[in-house]
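Here is the structure we will look at.
The values are calculated or read from the model by the stated rules, or taken from the named source; none is laboratory data. These figures come from a predicted structure and were not determined experimentally. All Cβ positions, even for glycine, are placed from backbone atoms using ideal geometry, and neighbour counts span all protein chains on display.
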Amino acid sequence: MNKQHKLDKILGDIFSERLLKNLADNGRIVSLEEGMQIISRGDDIKDIPIVLEGTAKVVRTDEKGEEHILFYLNEKEACTATFSICATSKKSEIDFIMETDGELLLYPVHLMDNLTKEFPSWRYYVCKNFNKRMKEFLNTMDSIVFMKMDQRILKYLDKASKALQTKVLNITHQEIANDLSTSRVVVSRLLKQLEHEGRIKLYRNRINILF
(Lines give C-alpha, C1' and ligand atoms only; values in the text may rest on other atoms or scores of the structure.)
Protein backbone atom coordinates (compact mmCIF):
# COMPACT_ATOMS: atom_id res chain seq x y z
CA MET A 1 0.00 0.00 0.00
CA ASN A 2 1.56 3.32 -1.05
CA LYS A 3 1.81 6.27 1.34
CA GLN A 4 -0.98 8.33 -0.24
CA HIS A 5 -3.43 5.42 -0.16
CA LYS A 6 -2.57 4.57 3.47
CA LEU A 7 -3.14 8.15 4.63
CA ASP A 8 -6.39 8.35 2.66
CA LYS A 9 -7.61 5.15 4.32
CA ILE A 10 -6.72 6.19 7.88
CA LEU A 11 -7.08 9.99 7.87
CA GLY A 12 -9.45 10.55 4.96
CA ASP A 13 -12.44 11.14 7.21
CA ILE A 14 -10.83 14.05 9.05
CA PHE A 15 -8.53 15.73 6.49
CA SER A 16 -9.22 17.24 3.08
CA GLU A 17 -7.75 15.63 -0.04
CA ARG A 18 -5.38 18.55 -0.54
CA LEU A 19 -4.11 18.28 3.02
CA LEU A 20 -3.65 14.52 2.69
CA LYS A 21 -1.55 15.09 -0.42
CA ASN A 22 0.58 17.60 1.47
CA LEU A 23 1.10 15.15 4.33
CA ALA A 24 2.00 12.37 1.89
CA ASP A 25 4.39 14.55 -0.11
CA ASN A 26 6.25 16.00 2.87
CA GLY A 27 5.86 13.46 5.67
CA ARG A 28 7.25 9.99 6.11
CA ILE A 29 5.77 6.83 7.60
CA VAL A 30 7.84 4.79 10.05
CA SER A 31 7.14 1.40 11.60
CA LEU A 32 8.13 1.07 15.24
CA GLU A 33 8.18 -1.75 17.76
CA GLU A 34 6.83 -1.71 21.30
CA GLY A 35 9.14 0.21 23.62
CA MET A 36 10.84 2.23 20.90
CA GLN A 37 11.30 5.92 21.72
CA ILE A 38 11.33 8.61 19.04
CA ILE A 39 11.37 11.74 21.22
CA SER A 40 13.34 12.16 24.43
CA ARG A 41 13.38 14.94 26.97
CA GLY A 42 15.87 17.61 25.86
CA ASP A 43 15.56 16.81 22.15
CA ASP A 44 14.99 19.42 19.48
CA ILE A 45 11.63 18.51 17.92
CA LYS A 46 12.13 17.91 14.21
CA ASP A 47 8.88 16.09 13.38
CA ILE A 48 5.29 16.05 14.56
CA PRO A 49 4.21 12.42 15.17
CA ILE A 50 0.69 11.30 14.24
CA VAL A 51 -0.29 7.76 15.20
CA LEU A 52 -1.50 5.73 12.22
CA GLU A 53 -1.53 2.31 13.89
CA GLY A 54 -0.99 1.07 17.45
CA THR A 55 -0.72 3.00 20.71
CA ALA A 56 1.93 5.40 21.99
CA LYS A 57 2.39 7.04 25.36
CA VAL A 58 3.67 10.47 26.30
CA VAL A 59 5.77 10.39 29.45
CA ARG A 60 7.37 13.01 31.66
CA THR A 61 10.34 12.14 33.88
CA ASP A 62 10.71 13.87 37.24
CA GLU A 63 13.91 14.97 38.97
CA LYS A 64 14.29 11.53 40.56
CA GLY A 65 14.22 9.85 37.16
CA GLU A 66 10.77 8.35 37.69
CA GLU A 67 8.43 8.23 34.69
CA HIS A 68 4.85 9.50 34.80
CA ILE A 69 2.44 8.82 31.95
CA LEU A 70 0.72 12.01 30.82
CA PHE A 71 -1.56 10.40 28.25
CA TYR A 72 -1.91 7.69 25.63
CA LEU A 73 -2.25 8.28 21.90
CA ASN A 74 -4.25 6.02 19.63
CA GLU A 75 -4.92 5.89 15.88
CA LYS A 76 -5.39 9.34 14.25
CA GLU A 77 -4.13 11.22 17.31
CA ALA A 78 -1.14 13.56 17.51
CA CYS A 79 0.94 14.68 20.48
CA THR A 80 -0.23 18.10 21.61
CA ALA A 81 3.01 18.52 23.56
CA THR A 82 4.92 18.69 20.27
CA PHE A 83 2.53 21.37 18.97
CA SER A 84 3.25 23.64 21.93
CA ILE A 85 6.99 22.93 21.82
CA CYS A 86 7.07 23.83 18.13
CA ALA A 87 5.22 27.09 18.77
CA THR A 88 7.73 28.19 21.42
CA SER A 89 10.87 26.69 19.81
CA LYS A 90 11.80 25.01 23.08
CA LYS A 91 13.39 21.64 23.63
CA SER A 92 11.19 18.64 24.40
CA GLU A 93 10.04 18.20 27.97
CA ILE A 94 8.46 14.81 27.28
CA ASP A 95 9.35 11.31 26.09
CA PHE A 96 7.32 9.77 23.26
CA ILE A 97 7.36 5.96 23.50
CA MET A 98 5.53 3.23 21.61
CA GLU A 99 3.30 1.24 23.94
CA THR A 100 2.61 -1.32 21.18
CA ASP A 101 3.97 -2.07 17.73
CA GLY A 102 2.66 0.52 15.31
CA GLU A 103 3.18 3.12 12.60
CA LEU A 104 3.59 6.89 12.81
CA LEU A 105 3.41 9.67 10.28
CA LEU A 106 6.28 12.07 10.95
CA TYR A 107 5.70 15.54 9.51
CA PRO A 108 8.51 18.16 9.50
CA VAL A 109 8.09 20.83 12.13
CA HIS A 110 9.31 23.64 9.89
CA LEU A 111 6.33 23.10 7.59
CA MET A 112 3.66 23.17 10.32
CA ASP A 113 3.00 26.91 10.01
CA ASN A 114 1.97 26.39 6.40
CA LEU A 115 -0.52 23.71 7.46
CA THR A 116 -2.06 26.05 10.00
CA LYS A 117 -2.38 28.88 7.48
CA GLU A 118 -3.61 26.88 4.48
CA PHE A 119 -5.83 24.10 5.84
CA PRO A 120 -8.91 24.65 8.05
CA SER A 121 -9.15 20.91 8.69
CA TRP A 122 -5.64 20.96 10.20
CA ARG A 123 -6.51 23.88 12.50
CA TYR A 124 -9.63 22.02 13.63
CA TYR A 125 -7.57 18.86 14.18
CA VAL A 126 -5.02 20.70 16.37
CA CYS A 127 -7.77 22.36 18.44
CA LYS A 128 -9.61 19.06 18.86
CA ASN A 129 -6.44 17.34 20.12
CA PHE A 130 -5.74 20.17 22.56
CA ASN A 131 -9.33 20.03 23.81
CA LYS A 132 -9.16 16.29 24.44
CA ARG A 133 -5.90 16.57 26.39
CA MET A 134 -7.28 19.46 28.44
CA LYS A 135 -10.29 17.35 29.43
CA GLU A 136 -7.95 14.51 30.42
CA PHE A 137 -5.85 16.93 32.45
CA LEU A 138 -8.91 18.25 34.28
CA ASN A 139 -10.13 14.70 34.96
CA THR A 140 -6.70 13.87 36.37
CA MET A 141 -6.82 16.94 38.61
CA ASP A 142 -10.31 15.99 39.79
CA SER A 143 -9.16 12.48 40.64
CA ILE A 144 -6.20 13.80 42.62
CA VAL A 145 -8.30 16.28 44.58
CA PHE A 146 -11.55 14.39 45.07
CA MET A 147 -10.93 10.65 44.66
CA LYS A 148 -9.57 8.16 47.15
CA MET A 149 -6.53 6.24 46.00
CA ASP A 150 -8.46 3.00 45.30
CA GLN A 151 -10.79 4.97 42.99
CA ARG A 152 -7.81 6.56 41.28
CA ILE A 153 -6.27 3.13 40.69
CA LEU A 154 -9.51 1.84 39.18
CA LYS A 155 -9.73 4.88 36.93
CA TYR A 156 -6.08 4.46 35.95
CA LEU A 157 -6.58 0.80 35.03
CA ASP A 158 -9.76 1.58 33.09
CA LYS A 159 -8.03 4.34 31.13
CA ALA A 160 -5.05 2.13 30.29
CA SER A 161 -7.34 -0.75 29.30
CA LYS A 162 -9.34 1.44 26.93
CA ALA A 163 -6.24 3.02 25.42
CA LEU A 164 -4.60 -0.36 24.76
CA GLN A 165 -7.91 -2.09 23.93
CA THR A 166 -7.21 -5.01 26.22
CA LYS A 167 -8.35 -6.30 29.60
CA VAL A 168 -4.88 -7.69 30.31
CA LEU A 169 -2.30 -5.08 31.34
CA ASN A 170 1.37 -6.00 31.51
CA ILE A 171 2.38 -3.56 34.23
CA THR A 172 4.14 -3.61 37.59
CA HIS A 173 2.90 -2.20 40.88
CA GLN A 174 5.87 0.18 40.86
CA GLU A 175 4.90 1.58 37.45
CA ILE A 176 1.38 2.28 38.71
CA ALA A 177 2.79 3.90 41.83
CA ASN A 178 5.06 6.13 39.73
CA ASP A 179 2.21 7.23 37.50
CA LEU A 180 -0.05 8.01 40.46
CA SER A 181 2.70 9.61 42.56
CA THR A 182 2.28 7.25 45.48
CA SER A 183 4.22 4.34 47.00
CA ARG A 184 4.41 0.79 45.71
CA VAL A 185 3.32 -0.51 49.12
CA VAL A 186 0.07 1.49 48.93
CA VAL A 187 -0.62 0.35 45.37
CA SER A 188 0.04 -3.31 46.19
CA ARG A 189 -2.27 -3.18 49.22
CA LEU A 190 -5.12 -1.56 47.28
CA LEU A 191 -4.69 -3.87 44.29
CA LYS A 192 -4.99 -6.82 46.65
CA GLN A 193 -8.15 -5.26 48.06
CA LEU A 194 -9.57 -4.80 44.56
CA GLU A 195 -8.75 -8.43 43.81
CA HIS A 196 -10.71 -9.54 46.91
CA GLU A 197 -13.64 -7.45 45.64
CA GLY A 198 -13.52 -9.35 42.34
CA ARG A 199 -12.66 -6.34 40.20
CA ILE A 200 -9.24 -7.54 39.07
CA LYS A 201 -7.06 -10.64 39.05
CA LEU A 202 -3.39 -10.23 39.93
CA TYR A 203 -0.48 -12.12 38.40
CA ARG A 204 3.24 -11.41 38.34
CA ASN A 205 3.69 -8.13 36.40
CA ARG A 206 0.21 -8.55 34.93
CA ILE A 207 -3.32 -7.47 35.87
CA ASN A 208 -6.52 -8.90 34.44
CA ILE A 209 -9.35 -6.38 34.57
CA LEU A 210 -12.72 -7.91 35.39
CA PHE A 211 -14.92 -4.83 35.40
- Task: Name the helices (runs of 4 or more DSSP H) wholly inside the range 99-211 in which the number of residues that are of a type outside the set (Asp, Glu) and at pLDDT 90 or above is 3 or more.
- Result: 120-146, 149-164, 173-180, 184-196
- Query: How about the range 177-204: which of its residues are touching a strand residue (DSSP E or B) at 6+ places or on another chain (Cβ under 7 Å) and of a type in the set (A, V, I, L, M, F, W, C)?
  - Reply: 191, 194, 200
- Quick count over the range 17-42, residues being surrounded by fewer than 16 Cβ atoms within 10 Å (Cβ to Cβ), on the phi < 0 side of the Ramachandran plot and not β-branched (Val, Ile, Thr), is 13
- Matching residues in the range 176-198 - criterion: being out of contact with any Lys or Arg (no Cβ under 9 Å at 6 or more places or on another chain) and without any contact (Cβ under 8 Å) to a residue 12 or more places away in the chain: 183, 184, 185, 189, 192, 196, 197
- Query: If you take the residues of the range 177-195 that are within 23 Å of residue 132 (Cβ to Cβ) and of a type outside the set (Ser, Thr, Tyr), which of them is nearest to the chain's Cα centre (by Cα)?
  - Reply: 179
- Exactly one of 60, 41 is among the basic types (Lys, Arg), more than 19 Å from residue 126 (Cα to Cα) and part of a strand (DSSP E or B), and that residue is 60
- Note on the structure: Those residues of the range 153-168 which are closer than 18 Å to residue 101 by Cα and surrounded by 18 or more Cβ atoms within 10 Å (Cβ to Cβ) amount to 160, 163, 164
